[in-house]
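Here the structure comes first, spelled out in structure tokens, and everything after it is commentary.
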Amino acid sequence: MGSERQALSAPAEAAEVSRARTHLRRRVALALVAVGLGLVGAGSAIVALGEGDATPGRALSRAGDALGLVIDPEGVLVSGDGGPLRARPVLFRAAEAEGAPADLYTADVRFGAGDGVVLDVRDLTNLTRSSGADEGAPVPFGAQRAAYLTRVRDAVTGLVLLDLRGERASATEGWSTREQLQNRVSNWQETGRMAGFGRTRFSLEPPADVATIAPAEDGGLTLRLVTAGAASAIAIAPEETPAHPRLVPETTEKGRPGRLTWVVDTVRDLSYVGPEPIAWLENRVFALKDFALRTWYRVAGSPPADEGAEVADELGLEPSAAPEPEPPPEIELGWPPAPLSTTTERAPGEGAWTALGPAFVGRTHGAPSPFVSTYLKVDPERPYARVYLVAWDPRQVQLRIMSGTREPESATGATGPGRIPRDEATMRNLVAGFNGGFQSLHGEFGMMSEGKVYLPPKPWAATVAVRDDGRVAMGSWLPPPRGRRFYLEGWAVRQIPGDLHEFRQNLTSVVEDGVFNPWERWYWGAAPRDADDQTFIDRSGLCLTEERFLVYFWGESMGADQLGEAMIRARCVRGLHLDMNQRHTGFELYRTYREDDPPPPLDRALRRDMEFDAEIPRSRGWRARGRKLVRAMTPMRFPRYLLRDVRDFFYLTLKPVLPGAPLPRARDEADPVPGRGGVFRGAALPALGWPTPWAHT
């Protein structure tokens with residue numbers, strides 16, 4: 001779709017509103033009908049009994065046409081005692097079409113005529129929704145447990161154990177009453193049951209060519225594998241979590257829900273509401289907010305008396321109690337970047353980079369601050385709006401990508417950790433975290449984290465990737481070759497370069513080769529597909545600059561054009577639109593420490609609106625002093641990225657660079673001076689630049 005669009009006429013706009021209202025009324029009507037049917041017990045499928053087919057599996061299979069599914073008659077598990085007046089929980093394997101990958105479904109079913117006829121099907125729910133994986137038939141074992149295998153293309157990649165009684169209490173241990181209630185509603189949406197299912201997933205390492213599961217005599221389970229011609233068997237006890245080198249457990253913890261964001265996502269996921277009315281409502285609400293802000297500024301607003309001081313307050317730029325370490329003077333660092341150009345008369349501090357102090361920002365001994373920040377004003381119609389930028393030096397800082405526990409929704413059924421690794425090296429070097437991209441329902445853009453593909457890459461999508469050696473690349477994913485009609489998931493995964501460790505995609509490039517919106521995209525989120533006006537809202541982005549630095553962007557009351565303008569001013573050669581909306585965007589800085597090695601002291605109290613000092617959960621004694629990049633950021637929780645999160649995000653760690661810390665000295669030795677007493681100096685080789693390849697003392 002082109003970037004230029006004709007404005008809607010007044011009748012057309014009225015028609016658009018009318019269509020949205022009609023759509024919403026229809027959805028509400030369907031909801032009321034659904035509730036009414038549930039109250040009176042109306043059935044959704046009635047299937048006649050065939051001769052000799054008096055089994056629940058075959059009866060449910062015959063009901064498949066009415067349900068729009070191809071049901072495997074051998075993959076049906078029925079729980080409890082039933083009869084014509086009582087529904088029974090059923091777990092079964094089915095596909096949307098003949099030959100398509102199968103998913104696992106659950107429903108409450110009433111059987112009649114000796115379980116040979118289906119009278120009623122309610123609360124039909126797809127448990128797995130894994131378009132890129134084929135789920136095997138469920139096998140019962142133990143007390144109210146079941147297991148199934150997952151096949152991706154030509155290999156069996158996973159084993160899943162289900163507790164049919166519900167999820168364990170430990171999954172939400174420590175949650176508030178509100179969060180517990182929210183979790184029960186989410187369980188109902190995802191599984192058709194408030195209690196949900198206890199789900200434990202194991203990745204098979206390495207994947208098996210052939211795998212089968214069968215109940216064992218002790219009530220447990222026997223898993224038989226064939227890999228490269230070698231056969232093996234694994235015994236799984238009925239009520240124990242298996243511990244075997246080939247079974248690698250995935251996370252069983254859940255990310256805590258937010259407040260408003262959870263409400264919006266929950267309503268959007270309701271089948272009788274859907275995403276269209278939510279997008280229409282968001283567009284209208286944010287348009288009204290933007291109109292009110294612009295009107296207020298025209299009537300009563302005026303530039304702040306000291307904009308520089310206001311920006312410094314927003315960015316928390318206060319004098320640090322510890323001096324900034326001086327880099328080696330004989331080496332040219334090329335850091336920080338040169339100041340940025342501005343569109344109008346330069347406001348105080350606009351476009352000038354300021355180093356972030358060590359009180360809240362981790363750094364390598366003897367190196368300059370790895371982060372610098374500034375702001376830009378790029379929208380003459382909204383002079384009150386600022387775009388805040390934070391840049392980091394990839395020579396000092398490593399970018400990493402982490403999948404959430406729910407987002408993106410995996411095509412293979414795999415669940416992401418949703419948490420920064422707690423190993424010693426990561427905790428010691430962790431310096432920042434920031435938001436990822438759109439949810440899966442807004443485009444199913446590709447995602448790979450820690451070597452595992454959650455969603456296959458999409459052609460033409462803007463991509464940020466991390467190679468095995470830590471190098472970061474940005475660009476557009478290649479389109480399918482000429483002659484290929486379909487971009488199939490299996491084929492797409494095989495196109496991922498072998499040295500790629502992680503990647504995240506979102507929309508198309510905001511900037512490419514220094515050009516804004518080269519793909520002429522119009523839709524940038526938070527608006528109906530046929531809306532004429534973009535939504536001005538909190539947006540975020542990531543870019544790679546001409547100098548090969550990385551920059552994160554965040555601003556309020558911002559459209560895609562303004563984000564692109566800020567990227568052009570920052571000399572970006574590749575730019576990626578990240579997430580949007582207040583609760584989903586934010587950048588946090590950390591200085592991690594152990595209690596016996598605290599960070600530089602503060603001569604003031606913490607600013608609770610943007611700073612914190614707390615223990616890092618499940619980190620074995622690590623704490624973090626940290627802050628938001630901008631005080632106005634209002635994420636769903638703060639700090640956010642130190643906790644387990646339902647959505648994907650990025651995190652940053654320090655790289656080891658020379659010259660490093662001095663050697664320890666004897667108690668009676670005088671303080672070392674440069675060049676003596678164990679203080680390292682980098683080798684001044686201009687051809688190699690900084691950081692230096694070796695140091696001496």
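With the cut-off at 31 Å, tell me which of the pairs 289/452; 289/458; 289/655; 452/655; 254/628 have Cα atoms farther apart than that. Write down the numbers at each step before the final one.
Values: 289/452 41 Å; 289/458 34 Å; 289/655 43 Å; 452/655 23 Å; 254/628 24 Å.
Result: 289/452; 289/458; 289/655 exceed 31 Å.
Find the relative contact order for the range 72-122 and round it to a whole percent, using C-alpha pairs within less than 8 Å whose residues are 6+ positions apart. Kindly include the intermediate steps, with their values, before the conclusion.
Numbers: 91 pairs, mean separation 15.7, N = 51.
Relative contact order comes out at 31 percent.
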* Compute the separation of the alpha-carbon centres of the range 367-433 and the range 454-519 and state it in Å as a whole number. => 19 Å
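With N residues in the range 607-667, what two-decimal value do you get for its Cα radius of gyration over 2.2 N^0.38 Å?
Numbers: Rg = 16.1 Å, N = 61, 2.2 N^0.38 = 10.5 Å.
The value comes to 1.53.
Per 0.36 nm of contour for each residue apart, how much would the distance between residue 86 and residue 488 grow if the chain were fully extended, relative to their Cα-Cα spacing?
Details: separation 402, 0.36 × 402 = 144.72 nm, distance 4.29 nm.
140.4 nm is the gain from fully extending residue 86 to residue 488.
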* So what's the net charge close to residue 571: Lys and Arg +1, Asp and Glu -1, counting the other residues with Cβ under 13 Å from its Cβ? -> -1
* Near the amide H of residue 127, under 5 Å away, which other amide H atoms are found, from residues 5 or more places off or on another chain, if H is placed in the peptide plane? -> 104, 105, 106
* Under a 5 Å amide H to amide H cut-off, with H placed in plane at 1.01 Å, what residues pair with residue 450 once short-range neighbours are removed? -> 401
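For residue 522 and residue 546, FRET efficiency with R0 = 22 Å and r from the beta-carbon atoms, rounded to 0.05? Write down the numbers at each step before the final one.
Numbers: r = 28 Å, r/R0 = 1.25.
Approximately 0.20, to the nearest 0.05.
Computed FRET efficiency, Cβ-Cβ of residue 289 and residue 643, R0 35 Å: what is it to the nearest 0.05? Walk me through the intermediate numbers first.
Working: r = 29 Å, r/R0 = 0.83.
Computed FRET efficiency for residue 289 and residue 643 comes out at 0.75.
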* Structure fact -> With a Förster distance of 30 angstrom and the Cβ-Cβ distance between residue 471 and residue 190, calculated FRET efficiency to the nearest 0.05 equals 0.20
* **Amide H contacts of residue 578 (H built 1.01 Å from N, under 5 Å, at least 5 apart or other chain)** => 540, 541, 542
* Considering only the other residues whose Cβ falls under 9 Å of the Cβ of residue 588, what net charge follows from Lys and Arg at +1 and Asp and Glu at -1? -> +3
* Structure fact -> Distance in Å, no decimals, from the C-alpha centre of the range 551-594 to the one of the range 84-128 is 46 Å
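Compute the relative contact order of the range 418-488 as a whole-number percentage, counting only Cα pairs closer than 8 Å that sit 6 or more residues apart in sequence.
Answer for the range 418-488 is 18 percent.
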* Tell me, what ³J(HN,Hα) does each residue in the range 66-77 have, in order and in whole Hz, if you take phi through Karplus 6.51 cos²θ - 1.76 cosθ + 1.60 with θ = phi - 60° and put x for Gly and Pro? -> 5, 8, x, 9, 9, 9, 6, x, 8, x, 10, 10
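Please compute the contact order of the range 494-601 in relative form: average sequence separation of alpha-carbon pairs under 8 Å and at least six residues apart, divided by the residue count, as a percent.
Working: 161 pairs, mean separation 32.5, N = 108.
It rounds to 30 percent for the range 494-601.
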* Asked: Which ³J(HN,Hα) values in Hz, rounded to whole numbers, follow from the phi angles of the range 197-208 under the Karplus curve 6.51 cos²θ - 1.76 cosθ + 1.60, where θ = phi - 60° and Gly and Pro get x?
  -> 10, x, 10, 10, 10, 10, 8, 8, 10, x, x, 9
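Only the coordinates and a few stated rules stand behind these numbers; no lab work does. These numbers come from a predicted model, not from an experiment. Neighbour counts are summed over all protein chains in view; Cβ atoms, including those assigned to glycine, are modelled from backbone coordinates with ideal geometry.
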